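Just below is one structure, and these are the notes that go with it.
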Amino acid sequence: MDPANRTPSPDLYAEILHFYARQMHLMDGGDFAGFAKTFAEDGVFTLAGGRGVLEGREAIRAASEAAEARYRGGQPRHWFDMMIADRAADGTVATTYYALVTVTGRDGSVVLEPSCVVRDTLAERDGELLNLTRTIGRDDVDRPPAG
């Protein structure tokens with residue numbers, strides 16, 4: 001990739017999409033330890049609505065596992081789209097994308113959670129992508145006030 005061009009190559013963009021698909025399959029499948037391992041050992045995860053900052057894989061794993069209770073036995077699905085990615089001079093990639101979470105109940109009902117904007121910093125370590133940082137902004141509580 002040309003260092004003057006911040007847009008990642010099509011191959012890297014596809015790798016990023018696969019990374020997120022794998023990451024969310026782990027989360028939605030209840031593999032919270034596997035999900036946490038997609039973050040750097042010292043990864044930082046900033047929760048929406050000022051609910052706190054998680055530092056390190058163990059904190060991310062524990063919080064992800066605890067958050068499962070909000071689905072009340074339903075099956076969550078995380079949907080990411082409209083992703084932009086910019087490569088920094090240090091080789092990290094900043095991504096910004098929209099996220100939706102649906103939860104399908106055992107009765108077939110579907111609940112749509114508030115939409116979010118997610119900002120991540122990714123880096124390649126030992127030949128694989130890892131999340132260095134994630135910041136989630138919910139559109140209902142983190143949206144700046146109208147001008």
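Here, each number is a calculation from the coordinates, and none is a lab measurement. What you see is a predicted model; the values in this text were computed from it and never measured. Quick reminder, even Gly has a Cβ in these numbers, built from the backbone with ideal geometry, and neighbours come from all protein chains shown.
Antiparallel beta bridges, as assigned by DSSP with both residues in the chain, represent about 90 percent of the total such bridges. Summarising the label geometry, the points placed 7 Å from Cα in the beta-carbon direction at E15 and V141 lie 3.5 nm from one another.
Using unit Cβ charges (K, R positive; D, E negative) and no other charged atoms, how large, in debye to the nearest 20, is the dipole of the chain about its Cα centre?
The dipole magnitude comes to about 440 debye.
Take every Cα pair under 8 Å whose residues are at least 6 apart in sequence, average their separation, divide by the length of segment 10-138, and the relative contact order is 23 percent. Only one residue of Q75, Y97, A59 has its Cα farthest out toward the positive end of the dipole of segment 54-101, where Lys and Arg carry +1 and Asp and Glu -1 on Cβ, and that residue is Q75. Simple rule: put +1 on each Lys or Arg Cβ and -1 on each Asp or Glu Cβ in the chain, find the dipole, and look at G127, G108, P145; the Cα lying farthest toward the positive end is G108. Counting charges near G30 (Lys, Arg +1; Asp, Glu -1) among other residues having Cβ under 9 Å from its Cβ returns a value of -4.
How much net charge surrounds G49 when only other residues with a Cβ under 14 Å from its Cβ are counted (Lys, Arg +1; Asp, Glu -1)?
On the way: positive: R51, R70, R138, R143; negative: E113, D139, D140, D142.
Residues close to G49 contribute a combined charge of 0.
Between 0 and 90 degrees, the angle of helix 57-67 with respect to the longest Cα principal axis of the chain falls at about 30 degrees.
About its Cα centre, how strong a charge dipole does segment 78-133 have in debye, to the nearest 20, once Lys and Arg get +1 and Asp and Glu get -1 at the Cβ?
Charge dipole, segment 78-133, about its Cα centre: 140 debye, nearest 20.
Each 10 Å bin from zero holds the following percent of Cα-Cα pairs in segment 86-147: 19, 33, 28, 17, 3.
Against the chain, whose longest principal axis comes from its Cα atoms, helix 10-28 is set at around 20 degrees.
The calculated FRET efficiency for D81 paired with T104, based on their beta-carbon distance and R0 = 25 Å, is about 0.85. The modelled label-to-label distance for the pair R72/E128, using points 7 Å beyond Cα in the direction of Cβ, is 3.6 nm. With Rg and Dmax of the Cα atoms in Å in mind, check (1) 13.6, 41; (2) 15.8, 53; (3) 15.1, 43 and report the label derived from this structure. Label of the calculated value: (2).
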